[in-house]
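Q: Next up is a structure, given as structure tokens.
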Amino acid sequence: MLAFKADTKAALTGARPDGPRHVWHPFAQMAEFTAFPPLHIVSGQGGWLRDRDGQEYLDGNASIWTNVHGHNDPDLNAALQRQLEQMAHSTLLGLTHGPAEALAAELVALAPAGLDRVFYSDNGAGAVEVALKQSFQFWQLRGRPEKRGVIGLAGGYHGDTIGAMAAGDSGFFHARFRPWFYPAEHFPAPECREWNGVVQAADMTRSLAALERLLAEQADRTACLILEPSVQGAAGMRLQPPGFVAAVARLCRAHSVHLILDEVFVAFGRLGPMCVSAAEGIEPDFLCLAKGLTAGYLPLAATLSREEIFAEFLGTYASGKAFFHGHTFTGNPLAAAVALENIRKLRALMADGTVDRRIAAFGAEMAGTFADHRRVRELRQRGLAAALDLAPDREEPATFAPDDRVGLQICLRARAHGLLLRPLGDSLLIVPPLCLDESELAELARRTARAIDDILPS
């Protein structure tokens, strides 16, 4: 049996008087959270964050998968300041403004062909809810109210609002809310292992066969299918084989079922392209965007839909066809202005090959450091996203006991090496900001390995 750090493990049952007094933190067991000295972040520069004691940390999860150009980016700061000097917020309810209009045009340009309408919201779950509700209402307006079912991919995560939870399949994350869910079907995810640009193993036969059977049985009662293309982030960076999403799209089209692609995590350079579906030539009925949309600066999300869907909602006021959904800060001008500058900067980085070079460097570092690491049972990496599944020994079937909290221990230890990471059970999800250069990406891999070796010595 492996020996864990006794002081860290013992602290999990304690609490500290200097812990947070009022803030209830997300995805946290607060009794556990308050057992450790709180880490107060006060500033950031590039891919680094600084706490109130002056300690610097490499941001190994891109501030929860949002950061693109780094903290305190001068161009994004300037865009925000320029807009702030004109107007901080004006509603889109009954009015419009330049930043929202300009950003919508940019999003239509970067999205797959046919997605000509943009509906703004505030976060990824909101963007998903919009797509689900628009699909649901579309079929009602078409005289097909029986088409109300939803199909999702096993392991899917689309956010924490009720509709997004029901469409997803996030196990214990959402299990206790299941009595409130609408019925949804889920088909098995494909299998794919990849790192450093090389697919090690892949199989989508079982997954597609199951979907084909499901659609054959239920397409006439199904409104839409939703999935995260290429990488299921919160499922543990579960990868899909090349060609999988295109095959799903063909099945949806053949059975008259809307396809919703949730690119909240994978878009805006995270996997290389600005938009994964556009790069792969896939034309969904809805596209959901958030996270990297504003480069990690402000909350903003967008749902893009096809013109034929938008047209079905047109009519007189008395017809009741309008889409009655909205958010107070829909299309916020500050967020839209930053998003426009983010896209401008990203286009330049993609055009000169910077994004591709950094992805190649990250893949090489992950493969060289962890592909044969004794404590890493499986490595998965695509673009600037990776997962390390930890185990007592990669060659043995044994796993860690849940209460050992190995992933948490390693992330806490990583702080001593000037690195911020987050675990998912006994997996480490590594998602660097796009701004990290080759030397910083190498440092990210080295510091992660040191933290693992400290907690799980060979």
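Q: Looking at the range 199-337, what % of the alpha carbon pairs are farther apart than 27 Å?
A: The share of Cα pairs beyond 27 Å in the range 199-337 comes to 31 percent.
Q: Taking just the alpha-carbon atoms of the chain, what radius of gyration and Dmax come out, in angstrom?
A: Expressed in Å, the Cα Rg and Dmax of the chain come to 22.3, 72.
Q: In addition: Cβ under 11 Å from R394's Cβ, R394 left aside: what net charge do those residues give with Lys, Arg +1 and Asp, Glu -1?
A: -3
Q: Another question about this same structure. Would you tally the net charge around I282, using a Cβ to Cβ cut-off of less than 12 Å, leaving I282 out, and scoring K and R as +1, D and E as -1?
A: Neighbourhood net charge equals -2.
Q: Please name whichever of A348, L314, G70 sits farthest to the positive end of the charge dipole of the chain, dipole taken about the Cα centre and charges placed at Cβ: Lys and Arg +1, Asp and Glu -1.
A: Positive-end residue among those listed: L314.
Q: Which aspartates and glutamates have a Cα lying under 19 Å from the Cα of K291, excluding residues fewer than 8 positions away in the same chain?
A: D59, D73, D75, E106, D122, E129, D160, E228, D262, E263, E341
Q: So, one more: Net charge near L107, counting Lys/Arg +1 and Asp/Glu -1 over other residues with Cβ under 12 Å of its Cβ?
A: Result for the local shell: -3.
Q: Right, something else. Taking 56 Å as R0, compute the FRET efficiency from the Cβ-Cβ separation of A318 and D454 and round it to 0.05.
A: 0.25
Q: Over all pairs of distinct alpha carbons, what does the Kirkwood formula give as the hydrodynamic radius of the range 323-426, in Å?
A: That comes to 17.3 Å for the range 323-426.
Q: Expressed in nm², what is the orientationally averaged projection area of the convex hull enclosing the Cα positions of the range 10-150?
A: If I average the Cα hull's projected area over directions, I get 14.4 nm².
Q: Another one. Could you tell me the center-to-center distance, by alpha carbons, between the range 331-402 and the range 292-323 in angstrom?
A: 31
Q: Sticking with this one: Expected output is a single nm value to one decimal: the length gained when fully extending between V199 and H40, i.e. 0.36 nm times separation in residues minus the C-alpha distance. What is it?
A: Length gained between V199 and H40: 53.3 nm.
Q: Something else: Regarding the range 114-246, what is the average projected area of its C-alpha convex hull, in nm²?
A: 9.5
Q: Here's another thing I want to ask about it. With a 10 Å radius around each residue's Cβ, average the other Cβ atoms per peptide and rank 105-113, 277-285, highest first.
A: 277-285, 105-113
Q: Right, here's the next one. Take the range 368-453, drop everything but the C-alpha atoms, weight them equally and run the Debye formula without solvent; then report log10 I(q)/I(0) at 0.22 Å⁻¹ to two decimals.
A: Values, matching the q order: -1.11.
Q: Compute, for the range 261-342, the length of the dipole vector about the Cα centre, with Cβ point charges of +1 (Lys, Arg) and -1 (Asp, Glu) only. Units Debye, rounded to 20.
A: 300
Q: Additional query: Using a 1.4 Å probe on the protein chains only, how many percent of the accessible area of the chain belongs to carbon and sulfur?
A: Ligands and nucleic acids excluded, carbon and sulfur give 54 percent.
Q: Considering only protein heavy atoms, what per residue accessible area in square angstrom results for the chain with a 1.4 angstrom probe?
A: Value for the chain: 44 Å² per residue.
Q: Can you pull the Kirkwood radius for the range 92-158, inverse mean 1/r over Cα pairs, to one decimal in Å?
A: About 14.3 Å for the range 92-158.
The values are calculated or read from the model by the stated rules, or taken from the named source; none is laboratory data. What you see is a predicted model, and the numbers here were worked out from it, not measured in a lab. A quick note on method: Cβ atoms are made from the backbone with ideal geometry, for glycine too, and the neighbour counts reach across all protein chains shown. Side chains are part of the model used for accessible areas, which takes the heavy atoms of the whole protein and leaves out ligands, DNA and RNA. Shrake-Rupley method; radii C 1.70, N 1.55, O 1.52, S 1.80 Å.
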